[in-house]
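**Q** Before anything else, here's the structure in question.
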There are 2 protein chains.
Amino acid sequence: MSPANHFELTATDGHARTGKLTTPHGVVRTPAFMPVGTAGAMKGMHWREVRDAGADIVLGNTYHLMLRPTAERIATLGGLQKFTGWNGPMLTDSGGFQVMSLADLRKVNEKAVTFRSHIDGASVELSPERSIEVQRLLGSDIAMQMDECVRLPAERADIERAMQLSLRWGERSRRAFETAPSGYMLFGIVQGGDVVELRHASARGTVDIGFHGYAIGGLAVGEPQAVMLAMIEEVIPHLPGDRPRYLMGVGTPEDLLEAIRRGMDMFDCVMPTRNGRHGVAFTRHGQINLRNARHADDPRPLDEESEWPATRETARAYLHHLVKSGETLGAMLLSEINIAYYQRLMRDVRDAILRGTFDEFYQRTRSDWERGDIAPRST
Amino acid sequence: MSPANHFELTATDGHARTGKLTTPHGVVRTPAFMPVGTAGAMKGMHWREVRDAGADIVLGNTYHLMLRPTAERIATLGGLQKFTGWNGPMLTDSGGFQVMSLADLRKVNEKAVTFRSHIDGASVELSPERSIEVQRLLGSDIAMQMDECVRLPAERADIERAMQLSLRWGERSRRAFETAPSGYMLFGIVQGGDVVELRHASARGTVDIGFHGYAIGGLAVGEPQAVMLAMIEEVIPHLPGDRPRYLMGVGTPEDLLEAIRRGMDMFDCVMPTRNGRHGVAFTRHGQINLRNARHADDPRPLDEESEWPATRETARAYLHHLVKSGETLGAMLLSEINIAYYQRLMRDVRDAILRGTFDEFYQRTRSDWERGDIAPRST
């Protein structure tokens, strides 16, 4: 039996779609970009700025939160929304991906992943059942099944083994979620690396289990963009059209636009904040590296037509100075500028799909990026 | 001849006073606490938050700014206010104090201080004339004379030599400032360490030169609070009553309250932001160390009666988690909480002086601090 559907498709334009996902903490307009608040906080941003930038939903990392402050403590304090003050929808990952990429001394077997906590050195076990328990304690609106993700390139046998394990863990995750209160959601994850037949098999198997929504995992892990897009195209026909589709850990604005064009609805990525901390702005003119000396004497803003005050009003010379001086304010400003750009892009995409002008928007946005930054200021 | 007076005394209550200082970029209500935006930025705060917290004026550091991005570049970009986006009054120090405390290979002689730039290793000379030139290029509303400050405890001979040099440098600073546009101000600095006669001599000599306002420097540099307050009491009778009085680099809320009670009008200190970065909050209940485990499960805010949203709404448990996790948001929240507390204290002090209830306010505020934090939550 399929779980209840909380997704409503409003319009489609080609393969691109726009809709509304209703969660216990509010409605998420799709396509949606989810800023990543790893350990219960966005790096360099207040929650009010995340909200003002236009984000409906944010992502929290189960791995970090289960170790500190712990899921039990957050539950006692009323859940992630109450704990953090972000009073909107939250999606949490299963913790599996980050155990495998971050933790020491990890050991994967059929039952669970065992690893050593980087906080106190304790041995911690994360099973699909425990992952769902943790996510429910956190109060996530959308929980993710536990899966195993393989970095590419990888041997087919390794990809297949992880994909099959993910299906079994998906089944166990679903069972563990059965007693969750109505309205809360669990998404399945399609794995299979860059192998078309494995992607097909994973998609069929995951849909057979039955989830509130479906994610594509194991992409943007080292493969070229063309491979990522080809895998999306292979998976989507196997997913039910009435359920939300989430592309995990992706990506650049261009990745998002291409994935939306192929029918994806949700995204998350640390890129806007991480690149912001490294002095890079995402704008209508493409990516701009503020460390570059060409900005040192330039009083112009990043984009004088932007609706976001910091993008429209902050001098490039000031951003350059802040970045070169290692001032926190540089990371803060570029993080909000980047998150605002991602959210603005999602809003414009939604509007274009509603109006049936997605293709025109797609062409114009790509050509804006390709034209690149405004000419340096002549002195 | 005395320079023009831009300070207007509105009310006094005992020795405490409240007034208005009119600068080219706006009016400063005194007593005033000036948050420190060292290199053209507040650490962990947007300028809009500094403004919202109630600050009328901020301080910039000449030493940092002259090295990067350089005073000439800031002048070309329209001055500090335009460059940073802080569109209010700014005071800059002379750079001398920080050359002496931060720079390598410094050499002091009658003419100037010479030091090596920490940015590119270049040899840089800072004379009183150059300090004033830099501060005028920056567009400071209030420039400071160049002086030499001695850390305490120190030998009387060293204190006296530095005090006499400061008087000669004050004279040269004043001459260099003579061509400044009307409305801009230069403050003299009283030195003399913890030696009463030297403080008297310095105050008389500085007032003889004639400045728009007078600062007391060389305090909060290692001496007990009682010595600092005694020195203030010794200096103030020698300062003209109609000019603003600025206590440099001070201090805790208690230091401010005691100095205001003795007749001081202006303050600056990195303490609220620096302590905030280290997990300490300044509140009505005194200083609170959020690292303390007693806050880990406490859903209560720092002060439920505060007018500042972050102080009234953020759970102690969340702040504890952010501080323990090294999340930037912890430093950001505690910095704004602390700056807001300092500004609120100044506003309440101004109101109390206006109403003639300063002494009552002083007693109540001290007893609030002495009572300390609310009791830990029973579990």
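The values are calculated or read from the model by the stated rules, or taken from the named source; none is laboratory data. Source: prediction; values computed, not measured. All Cβ positions, even for glycine, are placed from backbone atoms using ideal geometry, and neighbour counts span all protein chains on display. Quick note on the areas: whole protein, heavy atoms, side chains included, nothing else; ligands and nucleic acids left out. Shrake-Rupley method; radii C 1.70, N 1.55, O 1.52, S 1.80 Å.
**Q** Inside the range A:42-64, can you point out the residues that are more than 27 Å from A:Lys20 (Cβ to Cβ) and within 11 Å of chain B (Cβ to nearest Cβ)?
**A** A:Lys43, A:Gly44, A:His64
**Q** Could you tell me whether B:Tyr342 is of a type in the set (Ser, Thr, Tyr) and more than 19 Å from A:Met45 (Cβ to Cβ)?
**A** So B:Tyr342 fits the description; yes.
**Q** Something else about it: Does the range B:258-272 hold any residues that are open to solvent by 20 Å² or more (accessible area, probe 1.4 Å) and hydrophobic (A, V, I, L, M, F, W, C), and which are they?
**A** Correct list: B:Val270, B:Met271.
**Q** Just to be sure before I move on: is A:Arg291 open to solvent by 70 Å² or more (accessible area, probe 1.4 Å) and within 14 Å of chain B (Cβ to nearest Cβ) in the structure I sent?
**A** Here the answer is yes, as A:Arg291 does meet what is asked.
**Q** May I pose another question? Within the set of pairs 6 or more residues apart or between chains, which connect a residue that is closer than 17 Å to B:Gly279 by Cα and more than 12 Å from chain A (Cβ to nearest Cβ) inside the range B:305-317 to a residue that is among the hydroxyl-bearing types (Ser, Thr, Tyr) and in a helix (DSSP H, G or I) with Cβ atoms less than 9 Å apart?
**A** Qualifying pairs under 9 Å: B:Thr311/B:Tyr341.
**Q** Determine which single condition B:Arg151 fails, assuming it passes every other condition in (1) open to solvent by 10 Å² or more (accessible area, probe 1.4 Å); (2) over 18 Å from the mean Cα position of the chain (by Cα).
**A** Of everything listed in (1) open to solvent by 10 Å² or more (accessible area, probe 1.4 Å); (2) over 18 Å from the mean Cα position of the chain (by Cα), B:Arg151 misses just condition (2).
**Q** Output the residues belonging to the range B:68-89 that are of a type in the set (Val, Ile, Thr), touching a helix residue (DSSP H, G or I) at 6+ places or on another chain (Cβ under 7 Å) and within 7 Å of another protein chain (Cβ to nearest Cβ).
**A** B:Thr84
**Q** In addition: For B:Gly88, are the conditions met, namely being more than 15 Å from the chain's Cα centre (by Cα), within 21 Å of B:Ile339 (Cα to Cα) and in a loop (DSSP other than H, G, I, E, B)?
**A** yes
**Q** Would you say B:Ile374 is outside any helix (DSSP H, G or I) and not small (Gly, Ala, Ser)?
**A** yes
**Q** Which of the following residues is surrounded by fewer than 19 Cβ atoms within 10 Å (Cβ to Cβ) and more than 18 Å from A:Pro181 (Cβ to Cβ): A:Ala112, A:Ala75, A:Ala162, A:Ala122?
**A** After applying the criteria, what remains is A:Ala122.
**Q** Here is a further query. Residues B:Ser94, B:Ser166, B:Ser127: which one is closer than 24 Å to B:Ala201 by Cα, away from chain A (no Cβ under 14 Å) and in contact with a helix residue (DSSP H, G or I) (Cβ under 6 Å, 6 or more places away or on another chain)?
**A** Among B:Ser94, B:Ser166, B:Ser127, only B:Ser94 is closer than 24 Å to B:Ala201 by Cα, away from chain A (no Cβ under 14 Å) and in contact with a helix residue (DSSP H, G or I) (Cβ under 6 Å, 6 or more places away or on another chain).
**Q** Just to be sure I understand the filter: pairs with C-beta atoms under 8 Å, separated by 6 or more residues or on different chains, first member in the range B:1-15 and more than 13 Å from B:Gly263 (Cα to Cα) and open to solvent by less than 60 Å² (accessible area, probe 1.4 Å), second member of a type in the set (A, V, I, L, M) and not in a loop (DSSP other than H, G, I, E, B). Which pairs pass?
**A** Final answer for the pair search is B:Pro3/B:Met185; B:Pro3/B:Leu186; B:His6/B:Leu21; B:His6/B:Met185; B:Phe7/B:Leu21.
**Q** Would you be able to say whether some residue in the range A:312-326 is on the phi > 0 side of the Ramachandran plot, open to solvent by 10 Å² or more (accessible area, probe 1.4 Å) and out of contact with any helix residue (DSSP H, G or I) (no Cβ under 8 Å at 6 or more places or on another chain)?
**A** yes
**Q** Mind checking which residues of the range B:324-359 are assigned to a helix (DSSP H, G or I) and within 11 Å of chain A (Cβ to nearest Cβ)?
**A** Of everything in the range B:324-359, those that are assigned to a helix (DSSP H, G or I) and within 11 Å of chain A (Cβ to nearest Cβ) turn out to be B:Lys324, B:Thr328, B:Leu329, B:Gly330, B:Ala331, B:Met332, B:Leu333, B:Ser335, B:Glu336.
**Q** Does B:Ala352 meet the test of being more than 20 Å from B:Gly251 (Cα to Cα) and within 24 Å of the chain's Cα centre (by Cα)?
**A** yes
**Q** I'd like to know if the range B:59-70 contains one or more residues that are open to solvent by 40 Å² or more (accessible area, probe 1.4 Å), out of contact with any Lys or Arg (no Cβ under 9 Å at 6 or more places or on another chain) and not in a helix (DSSP H, G or I).
**A** Yes, because at least one residue in the range B:59-70 is open to solvent by 40 Å² or more (accessible area, probe 1.4 Å), out of contact with any Lys or Arg (no Cβ under 9 Å at 6 or more places or on another chain) and not in a helix (DSSP H, G or I).
**Q** In the range B:88-107, which residue that is touching a strand residue (DSSP E or B) at 6+ places or on another chain (Cβ under 8 Å) and surrounded by fewer than 18 Cβ atoms within 10 Å (Cβ to Cβ) is farthest from A:Ala317 (Cα to Cα)?
**A** Among them, the one singled out is B:Lys107.
**Q** Inspect all residues belonging to the range B:202-213 and state whether any of them is of a type in the set (Lys, Arg) and in a helix (DSSP H, G or I).
**A** Scanning the range B:202-213, I find at least one residue that is of a type in the set (Lys, Arg) and in a helix (DSSP H, G or I), so the answer is yes.
**Q** Spot the failing condition for A:Phe282; the list is (1) within 14 Å of another protein chain (Cβ to nearest Cβ); (2) open to solvent by less than 70 Å² (accessible area, probe 1.4 Å); (3) in contact (Cβ under 8 Å) with a residue 60 or more places away in the chain; (4) in contact with a Ser or Thr (Cβ under 9 Å, 6 or more places away or on another chain), and only one is missed.
**A** Among (1) within 14 Å of another protein chain (Cβ to nearest Cβ); (2) open to solvent by less than 70 Å² (accessible area, probe 1.4 Å); (3) in contact (Cβ under 8 Å) with a residue 60 or more places away in the chain; (4) in contact with a Ser or Thr (Cβ under 9 Å, 6 or more places away or on another chain), A:Phe282 violates only (1).
**Q** In addition: Among all residue pairs at least 6 apart or on different chains, which show Cβ distances below 7 Å where the first residue, located in the range B:76-102, is over 21 Å from A:Thr311 (Cα atoms) and at pLDDT below 95 and the second is open to solvent by 10 Å² or more (accessible area, probe 1.4 Å) and assigned to a helix (DSSP H, G or I)?
**A** B:Gly95/B:Met66
**Q** Considering only residues that are hydroxyl-bearing (Ser, Thr, Tyr) and in contact with a Ser or Thr (Cβ under 8 Å, 6 or more places away or on another chain), look in the range A:176-205 and name the one that is surrounded by the fewest Cβ atoms within 10 Å (Cβ to Cβ).
**A** Taking the candidates together, the pick is A:Tyr184.
**Q** Among what's in the range A:294-311 and is under 16 Å from B:Pro69 (Cα atoms) and of a type outside the set (Asp, Glu), pick the residue that is surrounded by the most Cβ atoms within 10 Å (Cβ to Cβ).
**A** It comes out as A:His295.
**Q** Just to be sure before I move on: is A:Glu129 surrounded by 14 or more Cβ atoms within 10 Å (Cβ to Cβ), closer than 25 Å to A:Gly79 by Cα and more than 19 Å from the chain's Cα centre (by Cα) in the structure I sent?
**A** Yes: the conditions hold for A:Glu129.
**Q** Here's a check for you: in the range A:39-55, which residue that is in a loop (DSSP other than H, G, I, E, B) and out of contact with any Ser or Thr (no Cβ under 9 Å at 6 or more places or on another chain) is surrounded by the most Cβ atoms within 10 Å (Cβ to Cβ)?
**A** If we take residues in the range A:39-55 being in a loop (DSSP other than H, G, I, E, B) and out of contact with any Ser or Thr (no Cβ under 9 Å at 6 or more places or on another chain), then A:Ala55 is surrounded by the most Cβ atoms within 10 Å (Cβ to Cβ).
**Q** Which residue, of A:Ala352, A:Ala375, is among the aliphatic types (A, V, I, L, M) and without any contact (Cβ under 8 Å) to a residue 24 or more places away in the chain?
**A** A:Ala375
**Q** A further question on this structure: Output the residue which, of all residues in the range B:25-38 that are more than 14 Å from B:Pro244 (Cβ to Cβ) and touching a strand residue (DSSP E or B) at 6+ places or on another chain (Cβ under 8 Å), is farthest from the other protein chains (Cβ to nearest Cβ).
**A** Result: B:His25.
**Q** Next up: In this structure, is B:Val221 more than 26 Å from B:Lys20 (Cα to Cα) and surrounded by 17 or more Cβ atoms within 10 Å (Cβ to Cβ)?
**A** When the stated conditions are applied, B:Val221 passes them.
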